[in-house]
Structure formats: C-alpha cells, structure tokens
1. Would you work out the Kirkwood radius for segment 1-131? I mean one over the mean of 1/r across all pairs of different Cα atoms, in Å.
2. Taking the Cα centre of segment 310-386 as the origin and placing charges on Cβ (Lys, Arg +1; Asp, Glu -1), which of M321, I363, V342 is farthest toward the positive end of the dipole?
3. In Å and whole numbers, how far do the C-alpha atoms of the chain stretch along each principal axis, longest first?
4. Taking only C-alpha pairs under 8 Å that are 6+ residues apart, what is the relative contact order of segment 68-208 in percent?
5. With +1 on each Lys and Arg Cβ and -1 on each Asp and Glu Cβ, and nothing else charged, work out how big the dipole of segment 301-383 is about its Cα centre, in Debye to the nearest 20.
6. Roughly how big is segment 333-437's charge dipole about its Cα centre, with Cβ charges of +1 (Lys, Arg) and -1 (Asp, Glu), in debye to the nearest 20?
7. Taking Cα centroids, how far is segment 98-149 from segment 316-378 in Å?
8. I need the Kirkwood Rh of segment 269-319: take the reciprocal of the average 1/r across all distinct C-alpha pairs and report it in angstrom.
Amino acid sequence: MTPDINPISKPDFMPVEELRAMQLAKLQKLIPYEYERVPLFRRRCDEKGVKPRDLVTLKDLAKFPFMKKTDLRDEYPYGLTAAPMREINRFHCSSGTTGKPICIPQTKNDVKIWTDGVARCMAMYGITADDVVQVSYGYGLFTGGLGAHYGAEELGCAVLPTGAGNTEKQIMLMKDLGVTAICCTPSYFLHLATVAEQLGVDFRRDTKLKHGVFGAEPWTDEIRAKIEAISGITAHDIYGLTEIAGPGVAGNCEFCHGMHVWEDHFYPEIIDPDTLEVLPDGEEGELVFTTLDRVGTPMVRYRTRDLSRLQVEQCKCGRTMRVMDRVHARTDDMLIIHGVNVFPSQIEACLMKVPEIAPHYMIELSSTETMDLFELKVEVTAETFSDSVAAMETIRKRVAASIKEIVGLSPKIYLVAPGTLPRSQGKIKRVIDNRRK
C-alpha cells in the first residue's frame with residue numbers, strides 16, 4: 001500500500017512486473033539503436049558474436065560488451081554520439097583537470113530525464129515547492145550545479161544559484177534569504193560550517209536550513225553523522241556520474257541505508273570486477289549502468305568503477321526501485337600500501353572514531369628504493385588543538401591505534417592546526433601519490 005504520492009514520484013512505486021517489462025522493451029529499442037549508430041559498440045558486438053536480436057530477456061544483456069571511461073576519451077569528442085548534431089542541445093564534460101575530458105552530448109529529452117531523476121530524489125527527501133534551495137555545486141561543465149538547479153525548479157522550489165566559492169557571502173545569503181536546503185559536496189559543506197563558526201553563525205540558531213543534498217564524492221557514515229551533529233540538518237545522498245546523467249541516478253529515502261535507483265531510466269548490474277561475471281542481488285561488486293532512455297550518448301553496460309551491491313529486500317517505503325548500497329569506494333581509488341589494499345574511506349572512518357579529530361585529512365605516499373612511505377596529515381578540532389606536546393601526542397597515539405586496528409598499517413601521522421589543509425569547492429583531493437610507478 002502506498003501513500004498519496006506527488007505526481008513526480010509516481011514511477012517510484014511501479015509494480016515490479018511492469019517495471020521489468022518496461023526495462024526489457026526499452027533495451028530492445030536501445031541495443032539496435034546503439035548498434036546502428038555507434039561504430040565502436042557495433043565492432044565489439046561483432047567481435048563477441050552477439051547481435052541486437054539476441055536480447056530476448058533481461059538476462060541477455062550480459063551477452064553484450066561493456067563500455068568504460070577510456071572509451072569516451074579514446075572516441076573524444078563525438079565517437080560515441082548516436083544522435084545527429086541538430087538534436088544535440090547540451091554538452092557536459094568530466095571534472096578532471098588533466099588530459100582530454102570525457103564529453104557527453106545530450107538531447108533536450110536527455111536533459112529532461114536527468115531533471116526528472118533529480119526532482120524525484122528531492123521529493124523523496126521531503127523537499128517541496130515551499131523550500132528555498134541553495135545550489136553550491138559548481139555550474140558549467142560539471143553536472144552538479146545545473147542538475148540540482150533544474151531538479152529543484154522542477155519541484156517548484158525557489159533556487160539560489162550561488163555556485164561554489166565566495167563562502168562568506170554564501171553564508172550571508174543563506175541567512176538572509178531563509179535557505180532551507182543546500183546542495184553541495186559533503187567536504188564543501190564542512191568548509192561552510194567551519195567558516196560559519198568563525199563568523200559566529202550557528203546553523204541551528206541563525207538559519208532555517210533543514211536539508212543537505214550531498215554527492216559528487218564518496219563520504220562515510222561517520223562524515224554524515226558529523227554533518228548532522230554540527231548543523232542539525234538531515235543529510236541526504238544523491239548519486240550520479242556525468243557519463244550516465246549527472247546527479248539523480250539514485251537517492252536515499254527515510255528508511256533505506258542506501259539509495260533507490262531510478263530503474264525506469266537506468267538499468268543497474270553488479271559485476272565481479274575481476275571475472276566480469278554478473279553477480280546476484282546481495283553480493284558486492286562493481287556497479288554497471290545502462291541508460292535506458294538517453295539517445296544523445298547512450299551508455300550500454302558502463303563500468304562505473306564504484307563498489308556497491310543491490311540489496312535483496314524491498315524497502316519499507318513501498319518504492320519498488322531497487323536499493324544500491326552507498327558507494328564507499330571505487331576500484332580505481334584502491335591504494336596498495338605495504339601489500340595491503342586500502343581505500344581512503346577506510347582511513348576516514350578510522351579518523352572519525354577519534355572525537356578530537358576534524359574531518360580534514362591528506363594522505364601522502366612516496367617511496368624509496370626498498371619501501372613505500374605512508375604519511376597522514378590530520379587536522380585537530382579548534383577546541384582541542386594545543387601547544388602541549390603531551391596532549392597532542394596522546395591524540396596522535398589514538399589516531400594511530402584506530403588505523404592499526406582497522407587497516408593494519410602504521411602511517412607517520414602529523415597533527416596540524418585547524419584550517420591548515422587545503423579546502424575544495426568541488427571534489428576534494430585526499431591522496432597525493434608520489435611513489436615510483
């Protein structure tokens with residue numbers, strides 16, 4: 001039984017049988033379309049000996065080749081574009097700073113589908129037309145700003161398009177305009193909170209902020225708890241990537257420890273990253289998406305490199321769209337240090353177990369002729385930072401013990417003053433790897 005539903009959210013509750021039939025019908029249109037219009041896809045299908053007519057059931061999708069980020073770079077700028085230029089009305093590119101970016105040409109309807117996904121996420125979070133939404137993601141080639149902007153407008157919200165940066169002014173506008181929801185990276189929100197504290201602004205007392213819509217970088221449960229504790233808001237997950245649609249591919253409801261995938265637009269699979277075999281729901285592996293409706297730059301079986309799983313249980317909220325686990329790591333983020341597999345998110349979880357530590361850190365790796373060197377710079381909170389060597393040593397030992405217990409490594413740890421480490425208005429860079437390749 002489902003409650004009275006906002007029309008934007010009605011697809012979320014589609015009967016499963018109807019949803020699976022819709023997915024199959026869309027795939028049976030998509031695969032021939034891609035085969036006819038994208039030479040790389042056609043060549044790979046031919047090499048595997050598979051034709052569009054071989055897609056008879058949803059399980060048959062596993063017969064078709066994968067796509068990956070290097071394909072977008074190798075075929076830059078238009079090699080994977082399926083629609084004619086007269087139908088393209090938008091370009092978005094990756095936020096990478098080196099080399100050729102990935103470029104995703106989109107049609108008007110592609111942008112509409114993306115907008116629909118963001119609006120459905122926001123509606124699920126409890127955001128309504130009565131809310132004032134501050135968009136502090138970057139605008140431009142990065143999908144975060146415009147995605148959140150269009151989704152909020154689709155819901156009827158008043159939108160404050162601050163973009164990233166000019167933090168003190170953002171805090172002033174947040175107060176003066178009665179902002180109730182903010183969209184940004186979790187690391188930028190933590191920076192906003194630090195600056196607000198320096199200005200004597202208390203989010204709970206001085207603002208109307210209720211919701212935070214956070215994405216674009218992995219973040220842990222510990223960081224979520226930290227954000228909610230210092231601000232009093234509810235922190236919501238929004239998931240997406242430029243190659244698939246930008247933000248709005250998935251988001252969390254009030255019940256699930258994970259995110260509902262909008263399966264009417266994006267077909268998810270989980271594969272073993274080593275064998276490339278499809279894994280059943282409930283097993284962790286690499287997340288793979290197929291865009292069911294996009295025609296500008298369709299993606300068939302795109303390997304995200306994000307590690308997740310599709311949960312088996314149906315959510316208590318009544319939505320029939322499957323729930324993916326929050327992305328805690330990426331296969332290409334994994335660091336091998338002294339033979340141990342380490343993800344930055346593991347280090348973050350260790351740090352957040354020490355109350356005196358602020359959520360700002362930097363991992364620095366280097367190497368000698370014979371071994372790796374692992375250094376960790378960590379900010380101490382303003383309340384506990386001290387000139388006392390003994391006090392700082394006590395905290396350092398607690399950090400070291402937490403990392404040793406969970407990760408099994410003993411980095412060289414430097415405790416630094418609040419505000420010492422660089423901040424980012426976009427995706428935060430946590431790792432500097434200067435080891436010999």
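The values are calculated or read from the model by the stated rules, or taken from the named source; none is laboratory data. What you are looking at is a predicted structure, and each value in this text was computed from that prediction instead of being measured. Backbone-built Cβ (ideal geometry, glycine too); neighbour counts: all protein chains shown. For the accessible areas, the whole protein counts, side chains as well, though only heavy atoms, and no ligand, DNA or RNA atoms are used. Shrake-Rupley method; radii C 1.70, N 1.55, O 1.52, S 1.80 Å.
1. Its Kirkwood hydrodynamic radius stands at 17.6 Å.
2. With unit charges placed on the Cβ atoms, the residue in question is M321.
3. Each principal axis gives a Cα extent; for the chain these are 72, 59, 42 Å.
4. Contact order relative to length: 20 percent.
5. That gives a dipole near 880 debye.
6. 240 debye
7. 27 Å
8. In segment 269-319 this quantity evaluates to 12.1 Å.
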